[in-house]
Amino acid sequence: MDFKAMISDTISAAVSAAFGVEFPAADALPALELPPTADMGDFAFPCFKLAKLLRKAPPAIAETLCAAVTGFAGEVKAASGYLNFYIDREMFARETLAGVVAAGADYGAEDIGNGRVVCLDYSSVNIAKSFHIGHLSTTAIGNALNRMYKFVGYKTISINHLGDWGTQFGKTIAAYKLWGDDDKIKANPVNELMALYVKFHDEAEKDPSLDDLARAWFKRIESGDEEALRIYHWFKDVTLGDVRRVYDTLGIHFDSWNGEAFFADKWGRVVDELREKGLLQVDQGASLVDLSDYKMPPCLILKTDGASLYATRDIATALWRKDEYNFDQTLYVVAYEQDLYFKQFFKVIELMGYEWAKNLHHVSFGMVSLEEGALSTRGGRMVYLEDLLNRSIEKVRAIIEEKSPNLADKDAVAQKIGVAAVLWIPLYNNRIKDIVFSFDRALNFDGETAPYVMYTHARCCSVLAKIASWSGEDYAALSDPQAQDVIRLLYAFPSIVKDAVEKLEPSMITRFTVDLAQAYNRFYFENRILGEAKPVEAARLTLTRATRDVLKTALGLLGMDAPEKM
RNA sequence: GCGCCUGUAGCUCAGUCGGACAGAGCAACGGCCUUCUAAGCCGUGGGCCAGGGGUUCGAAUCCCUUCAGGCGCGCCA
């Protein structure tokens with residue numbers, strides 16, 4: 001049942017009855033609001049906007065309307081300029097829960113996408129570098145958005161745009177040829193490669209000729225030299241091995257791994273096209289697109305030596321993806337330090353005449369730092385994702401040992417919870433907030449945390465496991481404030497999913513899981529479920545089942561797999 | 001210097017495209033397990049919503065301004 005439509009019709013009728021004002025359609029009325037607390041009803045109609053039209057004070061309008069309402073299945077009250085609608089408790093419970101149960105895992109999955117394609121560019125790790133917490137936000141947010149978009153009916157292409165090209169590989173290979181040790185690299189590939197890279201930098205400060213050597217090696221990669229490519233692919237493979245292990249732990253998969261190397265030879269077309277369209281200017285030897293009309297610095301396209309720049313290749317990538325996938329939207333999940341850069345290259349694509357430029361979105365998010373300062377490998381301020389995951393999983397494992405020593409599959413459960421606790425870090429707050437990472441905060445599992453929500457889910461599962469089937473619910477048994485709070489949240493879930501997708505904000509889902517868990521835990525504390533009179537028990541079991549299903553769905557959208565026991 | 005972002009309780013943050021007394025969690029203190037998972041629940045204290053102007057019936061929310069912090073600003077990505 002569509003409560004909103006029902007109430008809008010009711011209001012529309014009351015307005016014309018009381019004031020003789022006709023609204024052509026119910027949707028011409030001010031929108032219904034969801035009141036902040038349950039005692040203010042399930043829906044509220046604000047009368048403030050009518051005040052101007054009717055030239056009466058809002059509270060008076062509310063009073064008059066309240067008296068004019070007829071045939072509403074529930075209660076209506078006027079309160080400080082609002083008309084509050086209290087839907088019949090039993091009906092609200094019955095209708096909402098029936099909706100959740102009928103839809104099952106699809107509850108909240110309104111088909112907004114209609115099969116349209118969305119490319120999501122996120123995570124984008126660098127070859128020969130470690131996967132660290134600086135990559136956590138793009139990885140977790142991108143993954144959540146990918147799942148959210150799929151959930152609402154889009155076809156998604158998740159893309160790991162690998163950082164696998166550039167002169168830094170020349171440096172790494174040069175360093176390897178000078179000081180490398182195959183056994184060390186085989187034992188601990190990425191750390192060893194990073195150490196070589198750092199050593200190269202240090203030595204190059206003393207001996208600039210090393211940089212020439214690095215450039216020469218990169219040139220050999222570019223020109224297909226056999227030895228250079230062999231080493232390059234070796235380094236790439238060992239790094240990807242490391243990285244894939246982390247992705248496997250996180251439960252994250254990509255449809256495409258086409259990165260910088262893949263697009264390294266595909267940017268010529270961009271330069272030609274920019275030139276043909278008269279957009280390219282030469283300034284101090286470099287080629288660029290002037291953006292002063294749009295109050296932005298120019299977008300550099302070619303270096304003085306004719307080499308491409310990041311924007312050149314990103315534009316080429318966007319054009320290639322448009323041809324390949326014919327996307328409706330592309331989302332770039334990248335930190336806000338690149339805000340200006342994305343505006344520039346989106347604008348260049350627009351100036352090239354591609355109207356779809358407006359469908360490229362930069363999903364920006366805050367920076368991660370440590371309490372000691374900005375992340376810096378060389379400064380010793382670094383937290384590697386694999387270490388964080390291991391510590392998180394170990395801590396969960398220890399808690400399980402203490403609280404649930406008889407649990408089966410302890411390791412599998414610990415992994416699910418430990419991983420979720422890590423994913424939670426960038427998904428908990430609004431994307432734009434900076435994160436000052438601390439192990440204490442990350443590994444605190446009390447309160448508004450992934451383990452808390454998962455615990456609530458397991459609690460629901462535990463109750464449900466004790467009884468196979470039931471029927472004959474007495475929904476009037478769910479009239480207490482605690483049950484009603486749960487039901488209100490269940491009712492709100494589909495609109496929260498919609499909002500979260502629209503705002504590209506997974507944290508709205510995260511917050512919802514906390515709200516629902518809190519509401520259910522209060523309900524659980526106040527009410528006995530099993531062993532009550534059968535119709536009461538059935539109603540509370542249905543509420544429990546709906547809560548479990550929606551928690552599972554919502555956590556799933558965040559990329560978290562909730563165990564049934566913990 | 002210019003531009004973008006952020007500023008809400010001791011700490012981390014919510015606050016629904018202006019609306020009903022500003023809400024959680026953490027930390028502190030005090031309660032609640034012989035019954036469905038205490039990784040839980042309840043209670044107490046804690047706020048000139050950075051400061052100042054303005055718009056509005058109504059502002060944490062919009063505009064102006066000041067301050068504080070972060071990020072960015074042509075050959076890195």
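Please go through the range A:446-465 and give me each residue that is modelled with pLDDT of 95 or more and part of a loop (DSSP other than H, G, I, E, B), ordered by number.
A:Glu448, A:Thr449, A:Ala465
Looking at this structure, is A:Lys347 modelled with pLDDT of 95 or more, within 13 Å of RNA strand B (Cβ to nearest atom) and surrounded by fewer than 18 Cβ atoms within 10 Å (Cβ to Cβ)?
Considered against the rule, which asks whether it is modelled with pLDDT of 95 or more, within 13 Å of RNA strand B (Cβ to nearest atom) and surrounded by fewer than 18 Cβ atoms within 10 Å (Cβ to Cβ), A:Lys347 comes out as no.
Here is a list: A:Ala483, A:Ala519. Which entry is away from RNA strand B (no atom under 11 Å from the Cβ) and of a type in the set (A, V, I, L, M)?
After ruling out the rest, the residue left standing is A:Ala483.
For the range A:437-474, give me each residue that is of a type in the set (Val, Ile, Thr) and within 14 Å of A:Pro563 (Cβ to Cβ).
A:Val453, A:Thr456
Can you report the number of residues in the range A:445-465 which are more than 6 Å from RNA strand B (Cβ to nearest atom) and without any contact (Cβ under 8 Å) to a residue 60 or more places away in the chain?
1
For the range A:203-259, what are the residues that are outside any helix (DSSP H, G or I) and more than 36 Å from the chain's Cα centre (by Cα)?
A:Asp207, A:Pro208, A:Ser223, A:Gly224, A:Asp225
Looking only at the range A:270-321, which residues are part of a loop (DSSP other than H, G, I, E, B), within 25 Å of A:Asn258 (Cβ to Cβ) and within 8 Å of RNA strand B (Cβ to nearest atom)?
Residues satisfying the conditions are A:Lys303, A:Ala307, A:Leu309.
Across the range A:362-399, what is the number of residues that are of a type outside the set (Lys, Arg), more than 13 Å from RNA strand B (Cβ to nearest atom) and in a helix (DSSP H, G or I)?
Final tally of qualifying residues: 6.
Can you tell me which of A:Tyr491, A:Tyr475, A:Tyr524 is among the aromatic types (Phe, Trp, Tyr), in contact (Cβ under 8 Å) with a residue 12 or more places away in the chain, near RNA strand B (Cβ under 10 Å from one of its atoms) and over 18 Å from A:Leu389 (Cα atoms)?
A:Tyr524
Only residues that are near RNA strand B (Cβ under 9 Å from one of its atoms) and not in a helix (DSSP H, G or I): list them for the range A:400-414, please.
Scanning the range A:400-414 gives A:Ser404, A:Leu407.
Considering every residue within the range A:528-546, establish whether at least one is touching a Ser or Thr at 6+ places or on another chain (Cβ under 8 Å), modelled with pLDDT of 95 or more and within 8 Å of RNA strand B (Cβ to nearest atom).
So far as the range A:528-546 goes, yes, one or more of its residues are touching a Ser or Thr at 6+ places or on another chain (Cβ under 8 Å), modelled with pLDDT of 95 or more and within 8 Å of RNA strand B (Cβ to nearest atom).
Specify which of the listed residues (A:Ile417, A:Ile432, A:Ile425) is assigned to a helix (DSSP H, G or I) and either near RNA strand B (Cβ under 7 Å from one of its atoms) or in contact with an Asp or Glu (Cβ under 9 Å, 6 or more places away or on another chain) (or both).
Answer to the selection: A:Ile417.
Does A:Phe437 satisfy being under 22 Å from the mean Cα position of the chain (by Cα), farther than 20 Å from A:Leu145 by Cα and within 6 Å of RNA strand B (Cβ to nearest atom)?
no
So, of the residues in the range A:141-160 that are outside any helix (DSSP H, G or I) and touching a helix residue (DSSP H, G or I) at 6+ places or on another chain (Cβ under 7 Å), which turns out to be farthest from A:Tyr232 (Cα to Cα)?
A:Val152
Among the strands (runs of 3 or more DSSP E) contained in the range A:13-103, which hold 2 or more residues that are more than 12 Å from RNA strand B (Cβ to nearest atom)?
Strands (runs of 3 or more DSSP E) meeting the threshold: A:74-79.
Scan (1) closer than 14 Å to A:Leu274 by Cα; (2) among the polar types (S, T, N, Q); (3) not in a helix (DSSP H, G or I) for the single condition A:Thr330 breaks and write down its number.
Of the numbered conditions (1) closer than 14 Å to A:Leu274 by Cα; (2) among the polar types (S, T, N, Q); (3) not in a helix (DSSP H, G or I), the odd one out for A:Thr330 is (1).
Return the residues of the range A:136-153 that are in contact with a strand residue (DSSP E or B) (Cβ under 9 Å, 6 or more places away or on another chain) and in contact (Cβ under 8 Å) with a residue 60 or more places away in the chain; say none if nothing qualifies.
A:Leu136, A:Ser137, A:Thr138, A:Thr139, A:Ile141, A:Gly142, A:Asn143, A:Leu145, A:Arg147, A:Tyr149
Among the residues of the range A:505-516, what is the count of those that are more than 8 Å from RNA strand B (Cβ to nearest atom) and closer than 11 Å to A:Asn430 by Cβ?
Total satisfying the criteria: 2.
The values are calculated or read from the model by the stated rules, or taken from the named source; none is laboratory data. Computed from a predicted model, the values in this text were never measured in an experiment. Quick reminder, even Gly has a Cβ in these numbers, built from the backbone with ideal geometry, and neighbours come from all protein chains shown.
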